[in-house]
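Enquirer: Sharing a structure here in structure tokens format.
The values are calculated or read from the model by the stated rules, or taken from the named source; none is laboratory data. From a predicted model like this one, the values you see are computed outputs, not experimental measurements. With ideal geometry, Cβ positions are generated from the backbone for all residues, glycine too; neighbour counts draw on all protein chains shown. Side chains included, ligands, DNA and RNA excluded: accessible areas come from the protein's heavy atoms. Shrake-Rupley method; radii C 1.70, N 1.55, O 1.52, S 1.80 Å.
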Amino acid sequence: MNTQTITAALNAVREQKPLVLNITNYVVMNNTANGLLAIGASPIMAHSRDELAEMMAFSGALVVNIGTPDRIWIERMLFAVELANFHCKPVVLDPVGCGASSLRTETSRRIAETANCLIIRGNASEIIALAGAGAGAETAANNKGVDALDASEAAVEAARYLVRHYGSSVVISGEADIIVTKDGEIRLYNGHVMMPFVTGMGCTLSALTGAFAAVGDTTGLAAAAVLGVAGEIAAEQSAGPGSLQLNLLDALYRLDAETLMRRLKLTPSN
Amino acid sequence: MNTQTITAALNAVREQKPLVLNITNYVVMNNTANGLLAIGASPIMAHSRDELAEMMAFSGALVVNIGTPDRIWIERMLFAVELANFHCKPVVLDPVGCGASSLRTETSRRIAETANCLIIRGNASEIIALAGAGAGAETAANNKGVDALDASEAAVEAARYLVRHYGSSVVISGEADIIVTKDGEIRLYNGHVMMPFVTGMGCTLSALTGAFAAVGDTTGLAAAAVLGVAGEIAAEQSAGPGSLQLNLLDALYRLDAETLMRRLKLTPSN
Amino acid sequence: MNTQTITAALNAVREQKPLVLNITNYVVMNNTANGLLAIGASPIMAHSRDELAEMMAFSGALVVNIGTPDRIWIERMLFAVELANFHCKPVVLDPVGCGASSLRTETSRRIAETANCLIIRGNASEIIALAGAGAGAETAANNKGVDALDASEAAVEAARYLVRHYGSSVVISGEADIIVTKDGEIRLYNGHVMMPFVTGMGCTLSALTGAFAAVGDTTGLAAAAVLGVAGEIAAEQSAGPGSLQLNLLDALYRLDAETLMRRLKLTPSN
């Protein structure tokens, strides 16, 4: 995938307006719905077993975010993943706080095991914790809470393990975003240091990843590129994280292919 | 109702600061509470059977929004509607995603059947789906998900059916807002094309409809006029949907009678 | 505690980045998480019994906010308070709407009874209702809904009762913020009249109170000082409550010790 494919994916989202079904956490429901609308997609938030089958039938992708988990919601998430499998739709897993509790670690793994077409989007600490001892690496997750304490590079080995073990793509987001697939790694150097001061920025990336997966990009690259560039444009205009949250939505809404290509910093470039 | 009645209603909300009880969806709880505060009303969000009776006793109106439904919340919504009936308080129904799942369609109809003093506020697709075959029209809802795919005019026949069947008022919101009552239709041409890119804009209209119902406007007209004008003022100042969301709250807070009357575009005018 | 101690507390939050565990209401989860991030702390939102023990073990404080209560969440709140006690961590109670329903009044009292190291942060109406007849004062709460109808001064006697009865600190927030401890009262005159037009402003204060408690200020003073000054800076830049909500996050993020000390209006001064 190169920069032209990324801009083509952006155009595809805006033209197809894919429906993205989200079972996500209470904290970020508003942000992620707004992020999806701003980029041109159509968000649906639903969690009742009584309607998930109907909703999944006409949705283009499923985003499962475990940020405020409990038993009832976890069962619904797994049910929704099975429905996505039945309809051959991609699933984005956001393992929020994976490693901070065994509930989150185990839930993330159950969802990852269940999904047939999977993209995992997490910060470095979450990716390392999700891989766990299986990664065979010396790395151990430092996460307490839901904020990353590890640099993205520290999670690459873990991500490679997840790619092999689950047949998934993995997006490690952080100061650098690293997209890990069976074909290797792509690194993105967009974004801004102020972004972690807005809650749910990673959750918004996961939601956008669902929109791009629905139009064919199951690597996670296009979403990371778009959010990285829009975030950096927004941060340049923002006095703090409050402004950033809204300027990001404006930047997503206004982002054009020319700006995206000009700003994009990725390696290997092509 | 004419423009003077609308500005009188706005003054009444600001003077009486009506308490509006909301059982609403997780996505928009923050927006709708802020919308109510900005216009001068006092929002209460509650959903426990253990307190709804007490809360309804001193609230001026009930807003029921089915945006993230499940069985438990639906039972609580119906219970709250019965309490509103007991206290002779108006009920605003926001049938979010009606037609997108049978759960939403059936739930919307159960709530509409139950309420004695009812205002229905939905987009065209939702209104058509709520009326269903009963509308006796050739129209069929196009809704997938929660975003409208039909123009407001396409839902007028369905809205007339709902007015007859439930004895309600109906607000079809969209590019044009159409207020349908037993006395006919009023059309509003305020608002802005950017508004659907902010999640929960319709939900905010439903919440405001509750505030105006609490001070006596059970048609839905005053709320639609106020949100349409405030939304168009806000959009003129906004680079995108992120800015719009906050500028709308500022515009609601600052809206004066003179601006409202000058900007208002409605037919039949009088 | 004087202004130097307050600025020292602000520095401590930014250096230690304390983890604050929140069981809070659906309306304000996003605001309060963003408020904590903006000031330099790390928010965790969790409510499952399956992970609260692990989460509490590494958190610096617990914030319990009863804004959208139901039986299940109330049990989890009490469970979390017991865990905080076990780990000798401070608990902030935000008794949202206390007095508006017996569920809220009783729940607030159960939580206050249970917590060993307690800070209560409420508006005047909530504090008066929480103390109830026990206050032995002539005061009776005027609260309907969740907005304060009493001035802060009217709640001082009730707050003194709570301090004696629960061994807690009490922050009465309002036009004046009054911090009541066993050592007497401190009054803060920062803030802005526009702040009550943003939903969850008090909830954000409670969340920040948790961050400051985690670094050693269990009076609630530092949080009230920081939010009061940041809120007044933000309001001066805001055309309405929509702008205020985001400018507040920017102001919290940018607040420096010099500005804080210069702006702070408190009595007794020292």
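Enquirer: When you look at the Cβ of every residue in B:54-62, what mean number of other chain Cβ atoms sits within 10 Å?
Expert: Going residue by residue through B:54-62 and averaging, the value is 2.
Enquirer: Taking a ≥ b ≥ c as the square roots of the eigenvalues of the Cα gyration tensor of chain A, is the shape rounded (a/c under 1.5), prolate (a/b larger than b/c) or oblate?
Expert: In terms of gyration-tensor shape, rounded.
Enquirer: Taking each label point as 7 Å beyond Cα in the direction of the beta carbon, state the distances from C:E113 to the same residue in the other copies, shortest first, in nm.
Expert: Copy-to-copy label distances at C:E113, shortest first: 4.3, 4.3 nm.
Enquirer: Could you state how much accessible area is buried at the C-B interface, both sides summed, with a 1.4 Å probe, in Å² to the nearest 100?
Expert: 2400
Enquirer: Would you be so kind as to identify which of C:S42, C:N85, C:G97 lies farthest towards the positive end of the dipole of the range C:3-267, taking Lys and Arg as +1 and Asp and Glu as -1 on Cβ and the Cα centre as origin?
Expert: About the Cα centre, the residue reaching furthest to the positive side is C:N85.
Enquirer: Given H placed on each backbone N at 1.01 Å, which residues far from C:E175 in sequence or on other chains put an amide H within less than 5 Å of it?
Expert: C:S152
Enquirer: Let me ask something else about it. Provide the packing ranking of A:259-267, A:88-96, i.e. peptides ordered by the mean count of other C-beta atoms within 10 Å per residue, highest first.
Expert: On the way: A:259-267: 15.9, A:88-96: 26.1.
Per-residue mean Cβ counts within 10 Å order the peptides as A:88-96, A:259-267.
Enquirer: Right, another one. Tell me, rounded to the nearest percent, the portion of alpha carbon pairs in the range C:188-240 spaced more than 16 Å apart.
Expert: Tail of the P(r) past 16 Å holds 39 percent of the pairs.
Enquirer: Along Cα-to-Cβ, 7 Å out, sits the label point; list in nm, shortest first, how far the one on C:S102 is from those in the other copies.
Expert: Output for C:S102: 4.1, 4.2 nm, nearest copy listed first.
Enquirer: Need one number: nm distance between label points at B:D256 and C:R254, each 7 Å from Cα along Cα→Cβ, rounded to one decimal.
Expert: Placing both labels 7 Å along Cα→Cβ, they lie 2.9 nm apart.
Enquirer: When ranked by the protection proxy of mean other Cβ atoms within 10 Å per residue, highest first, what sequence do the peptides C:116-124, B:73-81 form?
Expert: With the highest mean Cβ count within 10 Å placed first, the list reads C:116-124, B:73-81.
Enquirer: Given the options B:A133, B:A115, B:A239, which has the most mean-square fluctuation in a GNM of chain B, springs set between C-alpha atoms less than 10 angstrom apart?
Expert: Comparing B:A133, B:A115, B:A239 in a Gaussian network model of chain B, the most mobile one is B:A239.
Enquirer: For the protein assembly as shown, list log₁₀ I(q)/I(0) at each q in 0.07, 0.08 Å⁻¹, using the Debye formula over Cα point scatterers of equal strength and ignoring solvent, two decimals each.
Expert: For the protein assembly as shown at q = 0.07, 0.08 Å⁻¹, log10 I(q)/I(0) is -0.48, -0.63.
Enquirer: Based on the Kirkwood radius over alpha-carbon pairs, what value in µm²/s does the Stokes-Einstein equation return for the translational diffusion coefficient of the range A:16-62 at 25 °C and 0.890 mPa s?
Expert: For these conditions, the coefficient is 226 µm²/s.
Enquirer: Same structure again: Quickly estimate the mean residue ellipticity at 222 nm for chain C, helices only: each DSSP H run with n ≥ 4 gives -39500 (n - 2.57), and the total goes over all residues, rounded to 500.
Expert: Working: 11 runs with 134 residues, N = 270.
Calculated at 222 nm, the ellipticity per residue is -15500 deg cm²/dmol.
Enquirer: Apply the Karplus curve 6.51 cos²θ - 1.76 cosθ + 1.60, θ = phi - 60°, to the phi angles in the range C:18-29 and return the couplings in whole Hz, x for Gly and Pro.
Expert: Here the 3J(HN,Hα) series is x, 7, 10, 8, 10, 10, 10, 7, 5, 5, 10, 4 Hz.
Enquirer: Can you give the % of DSSP beta bridges in the protein assembly as shown that are antiparallel, to the nearest 5?
Expert: Details: 30 of 93 bridges.
Within the protein assembly as shown, antiparallel bridges account for around 30 percent of the total.
Enquirer: Given a 1.4 angstrom probe, I'd like the percentage of the accessible area of the protein assembly as shown that is carbon and sulfur, rounded to a whole number.
Expert: Taking all protein chains in place, the protein assembly as shown shows 51 percent carbon and sulfur surface.
Enquirer: Return the average number of partner chain Cβ atoms within 10 angstrom of each residue Cβ along peptide B:186-198.
Expert: 1
Enquirer: Further, regarding this structure: I'd like the Karplus ³J(HN,Hα) series for the range C:195-212: coefficients 6.51, -1.76, 1.60, θ = phi - 60°, whole numbers in Hz, and an x wherever there's a Gly or Pro.
Expert: For the range C:195-212, the Karplus curve yields 4, x, 7, 10, 5, x, 5, x, 5, 5, 4, 4, 5, 5, 4, x, 4, 6 Hz.
Enquirer: Rank C:L208, C:A133, C:N116 by how far each Cα sits towards the positive end of the charge dipole of chain C (+1 on Lys, Arg Cβ; -1 on Asp, Glu Cβ) and give me just the farthest.
Expert: Most positive-ward Cα: C:N116.
Enquirer: First measure r as the distance between the Cβ atoms of B:N2 and A:T3, then evaluate 1/(1 + (r/R0)^6) with R0 = 51 Å and state the FRET efficiency to the nearest 0.05.
Expert: Once the sixth-power term is evaluated, E becomes 0.35.
Enquirer: Moving on. Which percent, nearest 5, of DSSP beta bridges in chain A are antiparallel?
Expert: In chain A, approximately 30 percent of DSSP beta bridges are antiparallel ones.
Enquirer: Mind checking B:200-206 for the average number of partner chain beta-carbons within 10 Å of each residue's beta-carbon?
Expert: If you average over the peptide's residues, the count of other-chain Cβ atoms is 1.
Enquirer: Would you please put B:152-162, C:24-34 in order of how densely packed they are, using the mean number of other Cβ atoms within 10 angstrom per residue and starting with the highest?
Expert: C:24-34, B:152-162
Enquirer: I need the phi-derived Karplus couplings for the range B:57-68: 6.51 cos²θ - 1.76 cosθ + 1.60, θ = phi - 60°, integer Hz, Gly and Pro marked x.
Expert: Values per residue, Gly and Pro as x: 4, 10, 8, x, 6, 10, 10, 10, 10, 8, x, 10 Hz.
Enquirer: Continuing with this model, one more query. Any idea what the dipole of the protein assembly as shown comes to, in debye rounded to 20, about its Cα centre with Lys/Arg Cβ at +1 and Asp/Glu Cβ at -1?
Expert: Roughly 220 debye for the protein assembly as shown.
Enquirer: For B:I120, what residues show an amide H to amide H distance below 5 Å, using hydrogens built from the backbone and excluding near sequence neighbours?
Expert: Result for B:I120 returns B:L93, B:S169, B:V170, B:V171.
Enquirer: Residues with beta-carbon under 13 Å from that of B:T7, excluding B:T7: net charge, scoring Lys, Arg +1 and Asp, Glu -1? Mind dumping the intermediate values first?
Expert: On the way: positive: B:R14, B:R262, B:R263; negative: B:E15, B:D217, B:D256, B:E258.
Once all neighbours under 13 Å are counted, the net charge is -1.
Enquirer: So the label point sits 7 Å from Cα along the Cα-to-Cβ vector; using that for C:I72, what distances do you get to the other copies, in nanometres, sorted shortest first?
Expert: When each copy's label point is compared with this one, the spacings are 0.2, 0.2 nm.
Enquirer: With charges set only on the Cβ (+1 for Lys and Arg, -1 for Asp and Glu), what does the dipole of chain B come to about its Cα centre, in debye to the nearest 20?
Expert: 200
Enquirer: In square angstrom, what is the accessible area per residue of chain A with a 1.4 angstrom probe?
Expert: The answer is 33 Å² per residue.
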